[in-house]
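Q: I have a structure here, written as C-alpha cells, and I will follow up with some questions on it.
What follows draws every value from the coordinates through simple rules; no lab data is involved. Everything quoted here is computed from the prediction, not taken from an experiment. All Cβ positions, even for glycine, are placed from backbone atoms using ideal geometry, and neighbour counts span all protein chains on display.
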Amino acid sequence: MYKRQLSLRARQLAGEQKWAEAVARYREAVSLVPKDAGAHNDLGMALLREGKSAEAAAEFDRALEIDPANQSAKANRELAAHGR
C-alpha cells in the first residue's frame, strides 16, 4: 500500500475509534515516508487516543524535528505532556 492509501485507511479507522488498527496503519505510513511531519503527528494523535502519552509525545517531537513550525504538532505535544 502507498503512504496516501495507508493514511486514508488510518483516518477511517480513527474515525471508527479503532485506535490500535489506526496506529498500525500510521506506523506503516511513517515507515514509507519517515520525514513526513504530518504522518508523525497523525501517528502521535492515534497513540494519544490509545492512552500512550509517552509514545505520542515522541511522535510529536519527531514531527517538530522535521518541521519546527508545525503548529498542530506543538499543540498536540502539549496535550501529550498533560496525558490527554
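Q: Output the number of the condition that residue 68 fails; it satisfies all remaining conditions of (1) free of Cβ contacts under 8 Å to residues at least 24 places away in the same chain; (2) crowded, with 17+ Cβ neighbours inside 10 Å; (3) over 18 Å from residue 3 (Cα atoms).
A: Going through (1) free of Cβ contacts under 8 Å to residues at least 24 places away in the same chain; (2) crowded, with 17+ Cβ neighbours inside 10 Å; (3) over 18 Å from residue 3 (Cα atoms) one by one, residue 68 breaks only (2).
Q: Would you please list the contacts, defined by Cβ atoms under 7 Å and residues six or more apart or on different chains, that run from a residue in segment 42-57 that is over 14 Å from residue 15 (Cα atoms) to a residue that is basic (Lys, Arg)?
A: 57/77
Q: A further question on this structure: Go through (1) under 19 Å from residue 7 (Cα atoms); (2) under 13 Å from the mean Cα position of the chain (by Cα); (3) surrounded by fewer than 20 Cβ atoms within 10 Å (Cβ to Cβ) and name the single condition residue 74 misses.
A: Only one criterion is unmet by residue 74, namely (1).
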